[in-house]
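Report on one structure; see the data block that follows.
FYI, it's all coordinate maths here, none of it is from the lab. Model, not experiment: these values are computed from the prediction. Ideal geometry is used to build each Cβ from the backbone, glycine not excepted, and the neighbour counts take in all protein chains shown.
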């Protein structure tokens, strides 16, 4: 693999020297990622048809939690938690955050939404990984959507159930192979669902459609990367425990089949994809003891991303929270970062 990596010149790696060159590169790489993901043409359009299945008030948190479903493509339903402030002025609009979960077993959205009562594993994951960042954003006044990725949470039926112990295989690998047979990548389909989550947030009367953010840890960081790289709507993105190089984390160790775009490394490296987020605001969280995503490679990748921000004259919009710790959510800068670039989470007048 090392020799194959060294032989590839990656023609869509960032090499631009002018803003005009950046635009040409940006358009070409985004188009290539969409194509390799199987999203050209995109899935068949359909109504979101959202439905609230359950509503719970959490007065101690100052939050209402709704369990909802919405349709991402015909007969494909995404299960999600929607968190919003318990009290808000009628007709007011707030910024919103798409908060994306990682692996965490296969428990999905409940960890990010802070639903510790789902299972002891969920409680432990929230405690260990500081996984409940969706709830933390909601407590600060944001409207927050926490959707299940394909094969996780309520969408794991047929692949996994809470009564099962550790599996002898990774369902992401098997589902990724099946998606590839049909011309898709699993990450492409997952990110399509997540982008439909942005559609849902924008359509809500309590959300300011111009003030959207996205955040995630691990697989959630992967999802956040591709959502913001392929969609201009997120104004601020937090990528935790993911920015690295394919060489150092994907080729050098085990790699989940739900996180790769087939053939991408022939064209560009992971920092190039991340740099598609520029000139919008981006915060990278990286633990110095993260065994999955080596910090030295994360630093090198960040410097590559920074080249794009410097060229565009917006280096101040690229933040880094490098903290002492492992593969966990930091949150040390994330909430101030989101408030800085989405504006105060207090509601604004509608219209």
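Out of all DSSP beta bridges in the chain, what portion is antiparallel? Express it as a percent rounded to 5.
45 percent
The stretch 97-204: Rg/Rh from Cα coordinates, Kirkwood Rh?
0.99
Sorted from fewest to most neighbouring beta carbons within 10 Å, what does the list 25, 192 look like?
Ascending Cβ contact count within 10 Å gives the list 25, 192.
Please grab the % of Cα pairs in the stretch 2-349 that end up more than 33 Å from each other.
Tail fraction, whole percent: 22.
How do 309, 70 rank when sorted from fewest to most other Cβ atoms within 10 Å of their own Cβ?
309, 70
Counting each DSSP H run of 4 or more residues in the chain as -39500 (n - 2.57), what helix-only mean residue ellipticity at 222 nm follows after dividing by all residues, to the nearest 500 deg cm²/dmol?
One gets -10000 deg cm²/dmol as the mean residue ellipticity at 222 nm.
Given a Förster distance of 35 Å, report the FRET efficiency between residue 128 and residue 90 from their Cβ-Cβ distance, rounded to the nearest 0.05.
FRET efficiency, residue 128 to residue 90: 0.30.
Sorted by average packing, counted as other Cβ atoms within 10 angstrom per residue and highest first, what order do 119-128, 73-82, 38-47, 134-143 take?
Highest mean packing first, the order is 134-143, 73-82, 119-128, 38-47.
For the stretch 206-351, what does the relative contact order come out to in percent, with C-alpha contacts under 8 Å and a separation of six or more?
It comes to 27 percent, rounded to a whole number.
Compute the FRET efficiency between residue 169 and residue 300 as 1/(1 + (r/R0)^6), taking r as their Cβ-Cβ distance and R0 = 35 Å, and round to the nearest 0.05.
It comes out at approximately 0.60.
Counting other C-beta atoms within 10 Å, which of 273, 112 has the fewest, and how do the rest follow?
273, 112
Per-residue counts of other Cβ atoms within 10 Å, averaged by peptide: what ranking do you get for 331-344, 146-159, highest first?
Top of the packing list down: 146-159, 331-344.
Using Cα-Cα distances under 8 Å and only pairs 6 or more residues apart, what relative contact order does the stretch 171-273 have, in percent?
So the answer I get is 32 percent.
Quick one: if you stick a label point 7 Å off each Cα along the C-beta vector at residue 24 and residue 66, how many nm between them?
4.8 nm
Compute the relative contact order of the chain as a whole-number percentage, counting only Cα pairs closer than 8 Å that sit 6 or more residues apart in sequence.
Dividing the mean separation by the residue count of the chain yields 20 percent.
With just the Cα atoms defining each centre, how far is the stretch 290-351 from the stretch 254-278? Give it in Å.
19 Å
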